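The values are calculated or read from the model by the stated rules, or taken from the named source; none is laboratory data. What you see is a predicted model, and the numbers here were worked out from it, not measured in a lab. Virtual Cβ from ideal backbone geometry, glycine too; neighbours counted across all protein chains shown.
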Amino acid sequence: MCSGMARWSAPRSLGFIAAACLFLSLQVACGGAPATNSSQQDSDPGSQSQVLHTPVVTHLNDAFRDGLNLTETKLTPSSVGPSTFGRLAAFPVEGYVYAQPLYVPGVAMAGGGTANLLLIATEHDQLYAFDVDSKKLAWQVDYLASGPNVSTLSQDDVDGCDDLIPEIGITGTPVVDLPSKTLYVVVRTKEVVKDSTVFYQRLHAVDLSSGQEPIPPKVISGPPPDYASTGLAVFDPIKNNQRSALLLAHGQVYVSWASHCDRPPYQGWLMSFDQRTLQPTAYWTPVPYSAFGGIWMSGGGPSLDQNGDLYVPVGNGGDHQEVGPKNNFRNSLVRLHWSADQGFSVVDYFTPFNYQYLDDVDLDFGSSSALLLPAQPGKLHPHLAIVRDKMGGIYVLDRDDLGKWQANDNSQAVQYFYHPGLGLSSMLYWDNTLFVAGGLRSLSAYSFNPSTQQFDTTPKATFPYELDSRGPNLSLSANGKRDALLWIITDHAEGKHAVLHALNPNDITTELYSSAMMPDRDMAGLGVKFVVPTVADGFVFVPTQNEVDMYGLLPQ
C-alpha cells in the first residue's frame, strides 16, 4: 500500500510558481460541448505563451485523439537533452498502469490550498492523486477496501487470457470534467456475495478535491429487454474487457468494450451514462445479431468531431453480406450521432473491402483511435479522419462521406497505403506530417500535400529504433508552432525498463534525449504496452509497472 509520501529521487523538486489556471475547455470537450481540436495549427503562436497551465483530462489530450499539447513553453529542443533534462521523481503505486496518467492543475483541495494533480489509475483497482510539486499523495481510493471478499480479476477468470497481467482492475483511461472537477472511471472487481462469486463493472464519479464520490457508483449491465436496437447481443461483465478510453461529451460519459483474447462468446458495446447521475442513457453494439465486434483501439477512445458526432473503430470482422444493411459493423469505422431522444444512430461507416481476410488472419481493423485532422476549408475533403488496421494499412477517410463498403477495393477512401509493421497504436499528425509507429519495425514520418490531400507514401524520415510489437502511442508538445518535440515510450517486453525518447519532429532521425542515455539517473520502471506519455507544464509522465515516472528540466 502506498504511504502518504511519494517516493522521489534527486533532484528534490521542480516547483513552479502557483498561478491561476487557464483551462482549455474547448480543447478537451468538457461539460458536454463538442470538442475542438488542439491541433489547430493555424492558431496564433504568440498567444500560446499566455497559457499558464495545461490540463490533460482525456486519452491523447483531446476528443480529436491527436496527442498534441500546443501550449508547452518549458520543454524545447534547446532545453531537452541528457545534461538538462531527466527523471525528477517516481510516484509509487500498486498495480500496472495501462491507463494514461491525467494531469489537472490548480485544483482547490478540500483541506485547503490548491494542487497540481497527477491522476493515476491501476490494474490493482487503485486511484491516486499526487501533488506534483510536493510529491505527496493528496488522496487515494482503494476500490478493494469495500470488503474482505473483494479482489481484482485473474487470468483464470477470463478463460486464461494473458493479455492483461498479472491482474485486471482499471484498464481504460478515465476522463475528467474540468468545470465540476470530477473524474469518471470504470472499475472491475470480483466479489463473493452469499457464497457466490459475482463479477462487477462499475462506473464511478470522483471529486478531484477529496477523492470522495458525490454520486453512488453505477453497476454496469446490458440494456433492458425491450431495447430493440441491440438485438440478441449480451453484455457480460466477465467477457467484456473495458480497455478503451472513456469520452465525455453532451453531458454523457461514453464507455466502450471489447473482449479478452477474443474468447467467445462476446459482443462489443458502446454505452452512454448521464454524467450527473451515472444512469445509463443509451446502448449500441456493432453486432446486434452476431458476435465479436470489439471496440478497443489499442487503449484509445472514441473520437468526437466538430459537430459532436462520435467515430468508433470496430475490430473483428465477419460475413461481409451482413455489413451495413443488417446493422452489423464489424471491422468498420462507424460515425454515430447521439441524442437524448433516440440514443445512438448510425450516420455513416467505412469498411475495408477485404475485412473478412483481415479477420481470418487476426490483422483486423479497429486497432487505433480515429485521428481527426484539423479542418481544411476550401478543399474537396475538408474533414479527414485517419485509422489503421493491425496489418499496417492506413486509411485516410472523408468524415463527411466515409464511403461504406465496396467489394473489390478501398477506392472509396481518400487514400489507402501501407506502413511496415504491426498497426497496434494510434498515430499523430503535425505540421502536414503523419507520424506512424510500426510494431516490430520503426517510427516513420509521412509528408502530406494539402493541395492534393494525399500523403507521400515514401517516408521522409525514419527513427532507427526497433519498436515493440505493440508500437508506441505518441505525444507532441510545442509552443504554438514553435519548439516542437515528439515523445514516445518504448520497451515494454517482460523484464525491460521503459525508455522515454524525445525526437525532433522536423527530423525524427535526430534523438534529442533518451532515458537510456543516463540510466543510473533516469531509468524508468518496467514497461507496459500501449502506454502514452503525458506532457504538460514542463513535465513528462511515463506509466510503468507499479510506478509513474516524472521527467522534466533538471536544476542548473
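Can you pull out the residues in the stretch 243-274 that are crowded, with 24+ Cβ neighbours inside 10 Å and part of a loop (DSSP other than H, G, I, E, B)?
Arg243, Ser244, Ala245, Leu246, Ser259, Tyr266, Gly268
Here's a check for you: in the stretch 444-497, which residue that is among the hydrophobic types (A, V, I, L, M, F, W, C) and farther than 18 Å from Pro533 by Cα is surrounded by the most Cβ atoms within 10 Å (Cβ to Cβ)?
In the first step, residues of the stretch 444-497 are kept if they are among the hydrophobic types (A, V, I, L, M, F, W, C); the result is 445, 448, 455, 461, 463, 467, 474, 476, 478, 484-489, 493.
Within this subset, residues satisfying the condition of being farther than 18 Å from Pro533 by Cα are 445, 448, 455, 461.
Working: Ala445: 24, Phe448: 20, Phe455: 22, Ala461: 20.
It comes out as Ala445.
Can you tell me which residue within the stretch 498-556, out of those that are among the charged types (D, E, K, R) and either crowded, with 17+ Cβ neighbours inside 10 Å or touching a His at 6+ places or on another chain (Cβ under 7 Å) (or both), is modelled with the lowest pLDDT?
Step one: of the stretch 498-556, the residues among the charged types (D, E, K, R) are 507, 511, 520-522, 529, 537, 547, 549.
Add one more test, that the residue is either crowded, with 17+ Cβ neighbours inside 10 Å or touching a His at 6+ places or on another chain (Cβ under 7 Å) (or both), and what stays is 511, 522, 529, 537, 547, 549.
Values: Glu511: 97, Asp522: 98, Lys529: 92, Asp537: 98, Glu547: 98, Asp549: 98.
Residue satisfying both the conditions and the ranking: Lys529.
Anything in the stretch 498-536 that is assigned to a strand (DSSP E or B), of a type outside the set (Asp, Glu) and within 19 Å of Pro464 (Cα to Cα)? List them, or say none. Before you say what the answer is, go through the steps one by one.
Step one: of the stretch 498-536, the residues assigned to a strand (DSSP E or B) are 499-504, 507-514, 526, 534-536.
Of the ones still in play, those that are also of a type outside the set (Asp, Glu) are 499-504, 508-510, 512-514, 526, 534-536.
Those that are assigned to a strand (DSSP E or B), of a type outside the set (Asp, Glu) and within 19 Å of Pro464 (Cα to Cα): Val499, Leu500, His501, Ala502, Leu503, Asn504, Ile508, Thr509, Thr510, Leu512, Tyr513, Ser514.
Which of the strands (runs of 3 or more DSSP E) found entirely inside the stretch 74-146 contain at least 2 residues meeting this: buried (at least 18 other Cβ atoms within 10 Å of the Cβ) and in contact with a Lys or Arg (Cβ under 6 Å, 6 or more places away or on another chain)? It would help to see each step written out before you state the result.
On the way: elements: 85-96, 102-108, 114-121, 126-131, 137-142.
Fully inside the stretch 74-146 and qualifying: 85-96.
Is there any pair with a first residue in the stretch 154-168 that is within 15 Å of Tyr96 (Cα to Cα) and a second that is among the β-branched types (Val, Ile, Thr) and surrounded by fewer than 17 Cβ atoms within 10 Å (Cβ to Cβ) whose Cβ atoms are under 8 Å apart and which are 6 or more apart or on different chains, and what are they?
Taking only residues 6 or more apart or on different chains, the pairs are Gln155/Ile165.
Going through the stretch 188-208 one residue at a time, which ones are buried (at least 23 other Cβ atoms within 10 Å of the Cβ), among the aliphatic types (A, V, I, L, M) and within 18 Å of Phe235 (Cα to Cα)?
The answer is Leu203, and nothing else.
Does Gly172 satisfy the condition of being modelled with pLDDT of 95 or more, in contact with a helix residue (DSSP H, G or I) (Cβ under 8 Å, 6 or more places away or on another chain) and among the small types (Gly, Ala, Ser)? Before the answer, list the steps.
On the way: modelled with pLDDT of 95 or more: yes; in contact with a helix residue (DSSP H, G or I) (Cβ under 8 Å, 6 or more places away or on another chain): yes; among the small types (Gly, Ala, Ser): yes.
Yes.
So that you can scan it fast, the table gives a plain yes or no per residue for (1) outside any strand (DSSP E or B); (2) farther than 24 Å from Gln306 by Cβ; (3) touching a helix residue (DSSP H, G or I) at 6+ places or on another chain (Cβ under 9 Å); (4) modelled with pLDDT of 95 or more:
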residue	(1), (2), (3), (4)
Ile394	no, no, no, yes
Ala407	yes, yes, yes, no
Tyr416	no, yes, no, yes
Ser425	yes, yes, yes, no
Phe435	no, no, no, yes
Arg441	yes, yes, no, no
Ser447	no, yes, no, yes
